[in-house]
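**Student:** Let me begin by handing over the structure; questions about it come next.
The values are calculated or read from the model by the stated rules, or taken from the named source; none is laboratory data. This one's a predicted model, so the numbers in the text were calculated from it and none came from an experiment. In this analysis, Cβ positions are derived from the backbone assuming ideal geometry, glycine residues included, and neighbour counts consider all displayed protein chains. Ligands, DNA and RNA are stripped out before the accessible areas are found, and what is left, the full protein with its side chains, is counted by its heavy atoms. Shrake-Rupley method; radii C 1.70, N 1.55, O 1.52, S 1.80 Å.
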Amino acid sequence: MRYGDKAAARAAVWDLLSAKKAARFPFPPHGRIPNFAGARRAAERLLAHRLFKRVRVIKVNPDSPQRWVRQLALERGITVITPTPRLKGAFRRLDPRRIPRERHAEAATLKRGGRWGDDITLAQMPKVDLVVMGSVAVTRDGRRLGKGHGYADLEYALLRELGNAPVPIATTVHGLQVLDDFPIEAHDAPVALIATPEELIEVKRRRRPPRGIDWQKLPREALEEMPVLAELRLRREAACRASPAGKARSRGRARRSSP
């Protein structure tokens, strides 16, 4: 199936999951990263990939279908970083060394996992080895659609701004969410691994992920709604001022303003 715009692709997937009774709680699947039948099998298939042999820290979205990714990662001793909803509270860290094994399932849930994680600042963000994003739709060549708010793409760009190396992006979806084509934009992060309950798709040739945040296109209200972005911008500006080029500009301005 091919779609000429993102909204049509999202609507088609949500409708199809409902019609085929492949959606799972919470209902309806519309307007969210849809939970789906076989989400655990997809997560197991993903974590069986060779990349996870050397993964120590992953960032995973907080949505329902990726609960199994979070739980299985904790069971394997992998630290899980999750963003708070809409990035209003930055990020939380789930450290399997500090969570009793019998509580890994609870820690992986959004509602009950709060007691097992700790909030971390940007300065405390560890090096992330792999990112798992939730998806509404994907293609076999690595295109991905989220809910339409852009948070997952922004979170990846934020990691790059913090100096994290470009890392693979993975997702788990139902087979019905794998489409033939839909349009994308420059800031849309491509996926390298797509796990469904039935197969694992490795994208061989994919676009380069974003190198950072496009501050020129970021709405002003985003800095007010997501304090972590305002903090990052201040850190970025301070780093620029402290650089040799920034110091040279400051000296030039001082000379021009002197009588």
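**Student:** Find how much the distance from Arg241 to Arg112 grows on full extension, using 0.36 nm per residue of separation minus their present alpha carbon separation; answer in nm with one decimal. Please report the intermediate quantities before stating the final value.
**Tutor:** Values: separation 129, 0.36 × 129 = 46.44 nm, distance 4.28 nm.
Contour length minus the Cα-Cα distance gives 42.2 nm.
**Student:** Calculate I(q)/I(0) for region 77-144 by the Debye formula, one identical point scatterer on each C-alpha and no solvent, and give its log10 at q = 0.14, 0.17, 0.26, 0.27 Å⁻¹ to two decimals.
**Tutor:** Debye output, listed in q order: -0.51, -0.71, -1.22, -1.26.
**Student:** Can you send over the carbon and sulfur percentage of the accessible area for region 16-171, probe radius 1.4 Å, protein chains only? All intermediate terms of the calculation are to be shown ahead of the outcome.
**Tutor:** Details: 3400 of 7020 Å².
Result for region 16-171: 49 percent of the exposed heavy-atom area is carbon or sulfur.
**Student:** Could you calculate the contour length gain from Arg54 to Arg101, that is, 0.36 nm times the residue separation minus the distance between their Cα atoms, to one decimal place in nm?
**Tutor:** Once the chain is fully extended between Arg54 and Arg101, it gains 14.8 nm.
**Student:** So for the chain: antiparallel DSSP bridges make up what percent, rounded to the nearest 5?
**Tutor:** On the way: 14 of 29 bridges.
Within the chain, antiparallel bridges account for around 50 percent of the total.
**Student:** Karplus couplings for region 189-206 from phi (6.51 cos²θ - 1.76 cosθ + 1.60, θ = phi - 60°), rounded to Hz, Gly and Pro as x?
**Tutor:** For region 189-206, the Karplus curve yields 6, x, 9, 9, 10, 10, 9, 10, x, 9, 7, 10, 9, 9, 7, 7, 10, 10 Hz.
**Student:** A further question on this structure: Past 29 Å, Cα to Cα: identify those pairs from Lys127/Lys217; Lys59/Lys111; Lys111/Lys204; Lys6/Lys88; Lys6/Lys217, in the order given.
**Tutor:** Lys111/Lys204
**Student:** Counting helices only, and only those DSSP H runs with n ≥ 4, report the 222 nm mean residue ellipticity of the chain as the sum of -39,500 (n - 2.57) divided by its residues, in deg cm²/dmol to the nearest 500.
**Tutor:** Details: 8 runs with 83 residues, N = 259.
It lands at -9500 deg cm²/dmol.
**Student:** Counting only heavy atoms of protein chains, what accessible area per residue, in Å², does the chain have with a probe of 1.4 Å?
**Tutor:** Using a 1.4 Å probe on heavy atoms only, each residue of the chain averages 53 Å².
**Student:** I need the calculated FRET efficiency for the pair Arg206 and Lys21, taking r as the beta carbon distance and R₀ as 35 Å, to the nearest 0.05. Display every interim value, and only then the final one.
**Tutor:** Numbers: r = 32 Å, r/R0 = 0.92.
With R0 = 35 Å, the Cβ-Cβ based efficiency is 0.65.
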